[in-house]
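A.B. asks: Here's a structure for you.
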Amino acid sequence: MDSSLPFFSFVSFLIISATLLFTATSDTIKVSLSPSHHHHSSSSDPYQILNNLATSSVARAHHLKHHNPKTNITSSFLKTPLFPHGYGGYTVSLSFGTPPQTLSFIMDTGSSLSWFPCTSRYLCSQCAFPNVDPSKILTFSPNLSSSGKLVGCRNPKCNWLFGPNVESRCQDCDDPTSKNCNQTCPPYLIQYGLGSTGGLLLLENLVFPPHKTFQDFLVGCSIVSNRQPAGIVGFGRSPESLPSQLHLNKFSYCLVSRRFDDTKVSSNMLLETGSGSNDTKIPGLGYTPFYKNPNPAFHEFYYVTIGKILVGNKQVKVPSITFVPGPDGNGGTIIDSGSTFTFMERPVFELVSKEFEKQMGNYSRAREVENISGLAPCFNVSGHRLTDVPEMSFYFNGGAKMGLPLANYFSIVGDDNVVCLMIVTDKGVSEGARGGPAIILGNFQQQNYYIEFDLANNRFGFAKRNCI
């Protein structure tokens, strides 16, 4: 969690939280809050939108790289559609409460807590994104649900976020023999790159129509947020994540092309429940094992091992130590659906970009576009065939190859005469920016791939697909 918050400090958040008035029984919650409202307009300039996406991808990389966390059953499948959005994420619709209230959530494999905008007084600052009106963000109403409960300080699920010593932070709760502990779990405050959110933890019913309900699902009721166009459903590896709480064997998705942003075009996300560990591999998929970073601070992430990176037929000479985390946890590659563009630490990025520059030496650089879009290198392709652009490939441990389609790493920017590499890095080379994963594989590079997180067999599977 980053201590420097662009929207509100931790102290001011606690002051806001102290104004919450809860009238709660074991079944219902009523919340009252009186914040001020802010409104920010969003830019329609395509260069500025790309610059914002590039900046947010780098900011998220900084957050992920400096992370501070926290019987036989027959398998069954749950299905929910995934929609692409111009702010860089993909959303699913989930239903919480009794009766169910349906909201959109950004699907995020790089974090674990799920949360929704909560109460009619929900305040979101700087939340005007393309095709998002902050005043119309749908919120969950706790007082309309008969199944919601605040999480107590002694509830084991409170420990998932705050650790085993959380009771010491709650009045009358630090003595195990005390019967006077009636405190709720402390407020949470979470940072996502440039954005943040804060609120209180609830236990609620998670409903998959028509007949599947998961009771007492831990979810965040966010009262205030910054730069968050929707709630988030966490698919990370921590106990509070959706896969952990639902005891999923695996989950999979197929991300449609970004050209369908903010349309009704979608693809399906599949969740396989049950405790069976079928070892069957899907024909045509390449597989590589997951592994855990030796540093507990990064256990939330899905790490895979890249063996080599190729541009065209030329292997980029990235030091092998970069591809595997050291004892301090720095290095390696994670899969992150919450990042838009793939991030590479500057030493890796420079090797990759220079190889593209070398093999595309007959293209002129579009420096002006680079300056205003935040992307580089960019090339003027007027009079050239895009089929001449070299392929980019990742080779994973176990032999699986991800040969990216051209649209997954180069994209037309502005007019039809300029293309840019859709991979980002830090602007500087300061040591303070180092640490954590060296490569973060974002959702732009996962377009039109069938992606499988096989949790029961601890492996990552993928194959090119037309996701429509």
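The values are calculated or read from the model by the stated rules, or taken from the named source; none is laboratory data. Everything quoted here is computed from the prediction, not taken from an experiment. With ideal geometry, Cβ positions are generated from the backbone for all residues, glycine too; neighbour counts draw on all protein chains shown. When the accessible area is computed, the model is the full protein with side chains, heavy atoms only, and any ligands, DNA or RNA have been set aside. Shrake-Rupley method; radii C 1.70, N 1.55, O 1.52, S 1.80 Å.
A.B. asks: Do you know which of the residues in the stretch 454-468 that are of a type outside the set (S, T, N, Q) and more than 12 Å from LEU285 (Cβ to Cβ) is least open to solvent (accessible area, probe 1.4 Å)? Spell out how you get there, then give the answer.
C.D. replies: Residues of the stretch 454-468 of a type outside the set (S, T, N, Q): 454-456, 459-465, 467-468.
Remaining after also requiring more than 12 Å from LEU285 (Cβ to Cβ): 455-456, 467-468.
Values: LEU455: 49, ALA456: 44, CYS467: 10, ILE468: 114 Å².
Out of the qualifying residues, it is CYS467.
A.B. asks: Determine if the stretch 43-61 includes at least one residue that is of a type in the set (Phe, Trp, Tyr), open to solvent by 20 Å² or more (accessible area, probe 1.4 Å) and at pLDDT 75 or above.
C.D. replies: Narrowing the stretch 43-61 to residues of a type in the set (Phe, Trp, Tyr): 47.
Remaining after also requiring open to solvent by 20 Å² or more (accessible area, probe 1.4 Å): 47.
Within this subset, residues satisfying the condition of being at pLDDT 75 or above are none.
Checked against the condition, which is being of a type in the set (Phe, Trp, Tyr), open to solvent by 20 Å² or more (accessible area, probe 1.4 Å) and at pLDDT 75 or above, the stretch 43-61 yields no hits at all.
A.B. asks: Would you confirm, using the coordinates I've provided, whether ILE309 is among the aliphatic types (A, V, I, L, M) and over 20 Å from ILE440 (Cβ atoms)?
C.D. replies: no
A.B. asks: For the stretch 298-311, check the following and say yes or no: at least one residue is touching a strand residue (DSSP E or B) at 6+ places or on another chain (Cβ under 6 Å), at pLDDT 95 or above, closer than 20 Å to LEU218 by Cα and open to solvent by less than 60 Å² (accessible area, probe 1.4 Å).
C.D. replies: yes
A.B. asks: Now for a different question. Which one is most open to solvent (accessible area, probe 1.4 Å), of the residues in the stretch 362-393 that are under 18 Å from LEU310 (Cβ atoms) and out of contact with any helix residue (DSSP H, G or I) (no Cβ under 7 Å at 6 or more places or on another chain)?
C.D. replies: Our first condition is that a residue be under 18 Å from LEU310 (Cβ atoms); within the stretch 362-393, this holds for 377, 387-393.
Next cut, out of contact with any helix residue (DSSP H, G or I) (no Cβ under 7 Å at 6 or more places or on another chain) only: 387-388, 391-393.
Numbers: THR387: 114, ASP388: 74, GLU391: 71, MET392: 0, SER393: 2 Å².
Among those residues, the one meeting the criterion is THR387.
A.B. asks: Let me ask something additional. Taking the stretch 129-160, which residues are surrounded by 20 or more Cβ atoms within 10 Å (Cβ to Cβ) and within 22 Å of ASP261 (Cα to Cα)?
C.D. replies: Selection gives PHE129, PRO134.
A.B. asks: Now for a different question. I'd like the residue in the stretch 195-241 that is of a type in the set (Ser, Thr, Tyr) and either in a strand (DSSP E or B) or modelled with pLDDT under 95 (or both) and, out of all such residues, is surrounded by the fewest Cβ atoms within 10 Å (Cβ to Cβ). Even if it seems obvious, please write down each step before you answer.
C.D. replies: Going residue by residue through the stretch 195-241, those that are of a type in the set (Ser, Thr, Tyr) are 196-197, 213, 222, 225, 238, 241.
Remaining after also requiring either in a strand (DSSP E or B) or modelled with pLDDT under 95 (or both): 196-197, 213, 222, 225.
Working: SER196: 24, THR197: 27, THR213: 14, SER222: 28, SER225: 30.
Result: THR213.
A.B. asks: Okay, moving on. Kindly indicate whether PRO325 is open to solvent by 40 Å² or more (accessible area, probe 1.4 Å) and either modelled with pLDDT under 95 or farther than 12 Å from ILE440 by Cα (or both).
C.D. replies: Here the answer is no, as PRO325 does not meet what is asked.
A.B. asks: For the stretch 76-124, which positions are small (Gly, Ala, Ser), more than 23 Å from THR55 (Cβ to Cβ), part of a loop (DSSP other than H, G, I, E, B) and open to solvent by 10 Å² or more (accessible area, probe 1.4 Å)?
C.D. replies: SER120 - this is the single residue of the stretch 76-124 that is small (Gly, Ala, Ser), more than 23 Å from THR55 (Cβ to Cβ), part of a loop (DSSP other than H, G, I, E, B) and open to solvent by 10 Å² or more (accessible area, probe 1.4 Å).
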